[in-house]
1. If you go through region 74-106, how many residues are surrounded by fewer than 20 Cβ atoms within 10 Å (Cβ to Cβ) and aromatic (Phe, Trp, Tyr)?
2. Out of Ala37, Ala42, Ala109, report the one residue that is of a type outside the set (Val, Ile, Thr), part of a strand (DSSP E or B) and either open to solvent by 20 Å² or more (accessible area, probe 1.4 Å) or touching a strand residue (DSSP E or B) at 6+ places or on another chain (Cβ under 9 Å) (or both).
3. Out of everything in region 62-81 that is of a type outside the set (A, V, I, L, M) and either in a loop (DSSP other than H, G, I, E, B) or in contact (Cβ under 8 Å) with a residue 40 or more places away in the chain (or both), what residue ends up being farthest from Lys4 (Cα to Cα)?
4. Mind checking which residues of region 16-71 are of a type in the set (Asp, Glu) and within 11 Å of the ligand (Cβ to nearest atom)?
5. Please specify each residue of region 82-106 satisfying the condition of being within 13 Å of the ligand (Cβ to nearest atom) and part of a helix (DSSP H, G or I).
6. Filter region 1-15 for residues that are in a loop (DSSP other than H, G, I, E, B) and either open to solvent by 50 Å² or more (accessible area, probe 1.4 Å) or within 8 Å of the ligand (Cβ to nearest atom) (or both) and give the result.
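The values are calculated or read from the model by the stated rules, or taken from the named source; none is laboratory data. These numbers come from a predicted model, not from an experiment. As a convention, Cβ positions derive from the backbone with ideal geometry for all residues, glycine included, and neighbour counts pool all protein chains shown. Just the protein is used for accessible areas: all its heavy atoms, side chains included, with ligands, DNA and RNA removed. Shrake-Rupley method; radii C 1.70, N 1.55, O 1.52, S 1.80 Å.
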Amino acid sequence: MGKKILIVHASKKGSTEEIAKAIAQELQAAGAAVEVAGMEGATVGEDVQAVVIGAPVYAGHIVPAVVKFVAGNRPRLEKIPLAAFAVGIAPVMPQAGPVEKLLEEMKKALAPLTPVAITMFAGKLDPGKMSFVERTMTKMLKVPTGDFRDWEAIRAWAREVAKALGA
Ligand SMILES: Cc1cc2nc3c(=O)[nH]c(=O)nc-3n(C[C@H](O)[C@H](O)[C@H](O)COP(=O)(O)O)c2cc1C
């Protein structure tokens, strides 16, 4: 029997959630029983044996939902392995990061837990899903719009994570 793995995401506009689902497929292929859930109010049950956390970056920061999730589930999370991924435009637009700084911020949000794997993926910017303010802001900052998700890289990372988590 594979492990029971929970993937929680703090997606606002759906792109991080889709990445979470792609990772779920790879973990399932490795034999795990996987559940994907929104991070808000998510509880790590006693039966969950590993967790993957996915969070987007908005306005220069990992969304605060991560800190809340970790604080709310500390006792259980301290007993099981954890992997984490950030999503944002920084991998294709270093001014929006840099990636290293955002990964440091993600590590801080998880502390004192230490992930067995951590990475950042390029996300998706869809002007159709932005508010007027967001559209104006990203236009002003010349943030490129489009879908920059590299599904091969995402799935390759997921296969590594499957091994690291003992899926
Ligand atoms: C208003 C706004 C601000 C953003 N700020 C950043 C940022 O500072 N750094 C970054 O790397 N990505 C930034 N992004 C890109 C998002 O992280 C990216 O669109 C991501 O895929 C969104 O995930 P979601 O669809 O799950 O909400 C921003 C996007 C928007 C719409």
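1. 0
2. Ala37
3. Result: Pro64.
4. Once the filter is applied, which keeps residues that are of a type in the set (Asp, Glu) and within 11 Å of the ligand (Cβ to nearest atom), region 16-71 yields Glu17, Glu18.
5. The answer is Pro94, Gln95, Ala96, Val99, Glu100, Lys101, Leu102, Leu103, Glu105, Met106.
6. Met1, Lys3, Ala10, Ser11, Lys12, Lys13, Gly14
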